[in-house]
Every structure is written in structure tokens, then in C-alpha cells.
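K.L.:
First the structure, then my questions, so here it is.
What follows is calculated from the coordinates using simple rules that are stated; it is not laboratory data. Just so it is clear, the structure is predicted and the values come from calculations on it, not from any experiment. Counting neighbours? That spans all protein chains shown, and the Cβs are built from the backbone with ideal geometry, glycine included.
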Amino acid sequence: MNKSLRYIALLAILPLFTAGMTTDYFSDAEALKSKGTGTSQYGSSTGICGLDLCSNYPGGKAAWQADQGSSVAPVAPVEESMEKETMMEKETMMEETEADLGSVLRLSRTNVPATIPLHQGFYNGEDVYFIITDSSDPTHAEIITANQGWQVELAPLLKNAPEEALSKTYMFTNGVNGDGVHGFQGEVFTSTPAQADVYSALTSHVHVTWNEGVTSRVLDSETMIMQAAEKDEITLTKVNVVLNMPQIIWPEGQMMVKDVTLTDTTPYGGGQVLDIDTEEMNVTFIAHRGWGPDGRTIYYIVTDATPSGPAGMMGVVSSPTSASLIANSAAVDLYQFKNGLTGTGPLGFQPGIAAGAPGDVNYSPMWRIFMIGWDNPETAQILETIDDMNAYREAGLIDIGIARPMDSDHIVNCPFIDPFQ
């Protein structure tokens with residue numbers, strides 16, 4: 001696509017993500033300050049040398065400073081054999097840069113299929129099919145991981161989610177054997193995406209235990225559970241655990257299936273699921289590549305979002321209850337790009353940078369979205385870490401503002417996963 005057409009396409013979808021956006025939500029106190037001390041026209045406290053990080057300059061900050069006013073750039077000493085190899089690499093990079101006109105970021109395996117186990121539960125006597133991706137509790141994470149043979153990530157921050165961001169789910173600890181988390185009948189949900197005002201993929205839990213001397217049976221609705229409790233057939237126990245259990249199929253519908261051959265250039269929107277198989281009991285999502293806070297490669301899927309505009313554009317479930325996480329510690333910051341290098345991010349630019357990743361104490365699948373904009377998109381560089389982002393912001397080369405599409409709070413459920421397990 002030529003540059004003018006690309007900008008026309010961007011203008012068509014950008015308002016969904018950037019309406020009402022401001023920059024004062026990311027204060028200097030909140031920003032992690034870069035410890036680089038490159039002294040350029042952009043400020044003495046940044047790690048920027050010209051338009052690039054000082055760490056990327058041959059010889060570092062001192063060499064860049066010495067080169068100001070010299071027509072010859074210093075080159076760090078290398079072995080002769082290494083020098084030839086380095087020159088060949090530089091020539092190849094220059095050819096690629098010239099071919100791309102400096103505007104396209106190509107990463108391999110930017111979109112890969114991720115097959116995730118399905119579970120079967122109930123809502124009002126009908127089947128619900130869902131996945132389990134994250135747990136606030138390590139014991140549940142370990143149990144479910146072992147049962148389904150697929151990694152459930154530990155996300156302790158989810159325990160901080162307010163009641164209004166959660167839906168209730170009943171889990172059975174004994175009784176009829178089945179596909180439930182504890183090896184008994186399937187979970188019973190109290191809402192589905194069809195009840196958009198109350199549905200949440202984040203679920204609080206009540207354990208259901210059959211009392212001694214009672215013949216167990218399948219209870220497939222909250223009404224049946226309440227009736228059994230009133231007859232003293234079962235005991236109900238609230239459990240301080242939050243699981244991320246996005247629903248894939250529910251009585252009134254299912255997630256959108258994207259009928260494409262997946263490639264590294266497959267457009268981001270228009271659906272996040274490639275296949276749903278209730279016989280083999282799995283669902284295949286598109287896993288998107290991005291960067292963790294320190295530059296490590298991460299992959300994530302998208303299951304639901306608020307408000308409805310971005311949810312519809314991405315082809316996922318709308319979940320208004322997630323808006324209550326906007327100022328809650330159960331949500332973590334994820335930075336996406338609204339201009340600059342063309343790439344595979346949600347708006348067609350470089351992939352985003354997350355403030356946390358699996359294994360970090362601040363990991364959560366619920367993301368508060370910030371947008372990064374280059375002051376001059378033609379001079380955009382690749383940013384891969386939180387430190388990169390903060391250095392360029394301090395230098396005045398980018399601005400960062402919280403995304404408020406449709407003038408609303410914007411939260412996206414993006415579980416980070418290993419698609420190659």
C-alpha cells in the first residue's frame with residue numbers, strides 16, 4: 001500500500017483508539033527515568049544521541065560527543081575478520097533500509113496460531129465452552145495446568161479486581177465426574193457475553209460440595225444450585241481466587257472466526273479466532289508478537305475489550321464491566337503506536353511494549369492501553385523496551401497518552417501465552 005493510501009486507512013480507524021486522548025496521564029513521576037546521559041539538543045538527562053539511543057552509537061555517548069563537528073564517525077575497534085563480517089551486515093541492512101524507505105518494520109513470526117484447550121460448562125441449563133488462561137492463585141494455576149496440559153499463567157494482581165469487574169462461577173469439588181477444574185461436573189456461569197452489562201471473563205468462585213449421604217447429580221444452572229443449597233444437599237464456600245475464563249461459545253452466540261490463511265502480514269482486526277473445534281475440544285487463536293518491558297519477545301491473544309468500538313474492530317467480545325479496572329492495580333499498562341514505523345500493531349504500526357510479562361510480579365492479562373505518537377513519524381526508530389520509550393519521551397521525540405476511544409475507559413483482555421507449547 002502506498003504511503004498516502006496507508007494514511008487514509010489510518011485516519012479511518014484512528015478515532016476509535018485516540019478520541020479524547022490526553023498526555024498528562026503519564027507524568028514524570030510515573031515514568032521510569034532513563035539512566036543514560038547523552039548530552040544532545042534534546043536534553044542532558046536522556047540516553048539519546050541525535051535521533052538514536054546512545055547505546056546504539058559506535059563507541060557510545062563519548063564517541064557521539066566527540067564526533068559532533070567532525071565529518072568522520074568514530075568506529076569501535078574490531079578484529080579484521082569481524083570487521084569484514086560487520087561491513088557485509090551493514091551493507092545488507094542498508095539495502096533493506098533503502099528498499100523499505102525506512103518506514104517498514106519486519107519481524108518474523110509476528111502472527112502465529114495458538115491452540116488452547118476448551119472446557120465445557122453451563123449457563124441456565126445450556127452449554128458454554130470456555131478457556132482458562134490466568135489465575136490469581138498459584139495452586140489453581142498448577143492444578144488447571146496439569147489437568148489441561150496447557151500453561152495457566154500466574155497473575156496475582158487479579159485478586160485486586162473489584163466486584164463489579166467480576167462474574168460469579170460455581171466450581172464442584174465432588175459429585176459427578178466431568179471436565180470441571182477439580183475433575184467433577186463442568187462449571188456453572190452466572191452470565192455470558194449475551195448479558196453484556198454484567199459479563200466478565202474474570203470470575204470469582206464459589207466451591208460447591210455435595211454433603212454426605214446425598215446422591216449427587218448434574219446441576220446446570222444457578223437456580224438449581226440455590227435450590228440444592230436450600231435443601232441442605234450441598235455446601236457453598238466462597239473462594240478468594242480469580243480466574244481469567246473467556247467464553248468462546250455461549251447459548252446465544254460465539255466468538256468471531258476469522259477465515260484467513262495466517263501470515264506475518266495478516267491484518268490485526270476482523271476477528272482473533274481461527275478455528276473452534278468442540279469435538280477435539282480446542283480453539284485456535286491468533287497470537288500476536290510484541291515486546292515485554294525489557295525487550296523480550298512476548299505473544300498475546302485478544303479475547304474481549306471495552307468499549308464496544310475497539311472490541312468490534314478487533315472482532316472480540318465487548319465487556320463493559322472491564323472499565324472498572326481503569327484505575328485499579330489488576331490492570332497493567334500496555335503501550336501501542338499510532339504512527340511511525342509500519343508494522344503489525346493494532347493500528348498498523350510497530351508492535352507494542354508491555355509494562356509486565358509472564359513471570360513478573362506485575363503481570364496481568366488485563367491491559368490499560370496507552371498510545372505512543374512520534375512528533376515526526378519520518379524519523380521514527382524501533383522501540384523495544386520501557387527504557388527506550390522513556391528515553392525518547394524525555395527527549396521530546398514522542399508523546400504518550402492514555403487511550404480513550406469513544407471518550408471511554410479502554411481495557412483489553414490480552415492474556416500473554418506461549419503459543420509453541
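K.L.:
With only alpha-carbon pairs counted, each pair once and no self-pairs, how large is the Kirkwood hydrodynamic radius of the range 267-327 in angstroms?
P.N.:
13.2 Å
K.L.:
Using Cα-only point scatterers and the Debye equation, what is log10 of I(q)/I(0) for the range 343-421 at each q in 0.12, 0.24, 0.25 Å⁻¹, rounded to two decimals?
P.N.:
For the range 343-421, the Cα-only Debye profile gives -0.41, -1.36, -1.40.
K.L.:
List every residue whose amide H lies under 5 Å from the amide H of Gly59, counting only residues 5 or more places away in sequence or on a different chain, with H placed 1.01 Å from N in the peptide plane.
P.N.:
Ala76
K.L.:
Any idea what the relative contact order of the range 112-250 is, in percent, if you count C-alpha pairs under 8 Å spaced at least 6 apart?
P.N.:
Details: 302 pairs, mean separation 42.6, N = 139.
Averaging sequence separation for qualifying contacts and normalising by length gives 31 percent for the range 112-250.
K.L.:
Give me His119, His207, His410 sorted ascending by neighbouring Cβ count inside 10 Å, so fewest comes first. Numbers along the way, then the final one.
P.N.:
Numbers: His119 21, His207 18, His410 27.
With the sparsest Cβ surroundings first, the list reads His207, His119, His410.
K.L.:
Multiply the residue gap between Met256 and Ser55 by 0.36 nm, knock off their C-alpha separation, and tell me the result in nm, one decimal place. Don't skip to the answer; put the middle values down first.
P.N.:
Working: separation 201, 0.36 × 201 = 72.36 nm, distance 4.41 nm.
Here the segment from Met256 to Ser55 would lengthen by 68.0 nm.
K.L.:
Where does each of Asp264, Asp399 land when they are ranked from fewest to most other beta-carbon atoms within 10 angstrom?
P.N.:
Working: Asp264 13, Asp399 17.
Taking fewest neighbouring Cβ atoms as first place, the list is Asp264, Asp399.
K.L.:
Work out how much length Asn174 to Ala327 would gain on full extension: take 0.36 nm times their residue separation and subtract the Cα-Cα distance, in nm to one decimal. Mind dumping the intermediate values first?
P.N.:
On the way: separation 153, 0.36 × 153 = 55.08 nm, distance 3.83 nm.
That pair, Asn174 and Ala327, stretches by 51.3 nm at full extension.
K.L.:
If you build the Cα gyration tensor of the range 109-167 and take the root of 5 times each eigenvalue, what three semi-axes come out, in whole angstrom, biggest first?
P.N.:
Details: eigenvalues 81, 72, 38 Å².
Each semi-axis is √(5λ); the values are 20, 19, 14 Å.
K.L.:
Still on this structure: If the viscosity is 1.002 mPa s and the temperature 20 °C, what Stokes-Einstein diffusion coefficient in µm²/s follows for the range 112-250 when Rh is the Kirkwood radius over Cα pairs? Could you put the intermediate results ahead of the total?
P.N.:
On the way: Rh = 15.2 Å.
Translational D for this selection: 141 µm²/s.
K.L.:
Can you work out the base-10 log of I(q)/I(0) for the range 377-421 at q = 0.19, 0.28 1/Å, using the Debye formula on its C-alpha atoms alone?
P.N.:
Here the Debye-derived log intensity ratios amount to -0.87, -0.98.
K.L.:
I would also like to ask the following. Please pull out the direction-averaged projected area of the range 253-300, using the convex hull of its alpha-carbon atoms, in nm² to one decimal place. Before the final figure, lay out each step's value.
P.N.:
Working: hull surface 18.6 nm².
Averaged projected hull area, Cα only: 4.7 nm².
K.L.:
Using the Kirkwood formula over every pair of different C-alpha atoms, what hydrodynamic radius in Å results for the range 177-321? Before the final figure, lay out each step's value.
P.N.:
Values: mean 1/r = 0.0561 Å⁻¹.
Its Kirkwood hydrodynamic radius stands at 17.8 Å.
K.L.:
Contour minus end-to-end for Lys159 and Glu279, with contour as 0.36 nm per residue of separation and end-to-end as the Cα-Cα distance? Could the numbers behind the result be given before it?
P.N.:
Details: separation 120, 0.36 × 120 = 43.20 nm, distance 3.34 nm.
Between Lys159 and Glu279, full extension yields an extra 39.9 nm.
K.L.:
Taking neighbour Cβ counts within 10 Å as the exposure measure, how do Ser308, Ser135 sort from fewest upward?
P.N.:
On the way: Ser308 16, Ser135 26.
Lowest count first: Ser308, Ser135.
K.L.:
Additional query: Whole Å is fine, so just give me how far the alpha carbon centre of the range 159-218 lies from that of the range 294-310.
P.N.:
Value for the Cα centre distance between the two parts: 26 Å.
K.L.:
Can you pull the semi-axes for the range 284-421, root of five times each eigenvalue of the Cα gyration tensor, sorted largest first, whole Å?
P.N.:
Numbers: eigenvalues 98, 61, 44 Å².
Each semi-axis is the square root of five times an eigenvalue, giving 22, 18, 15 Å.
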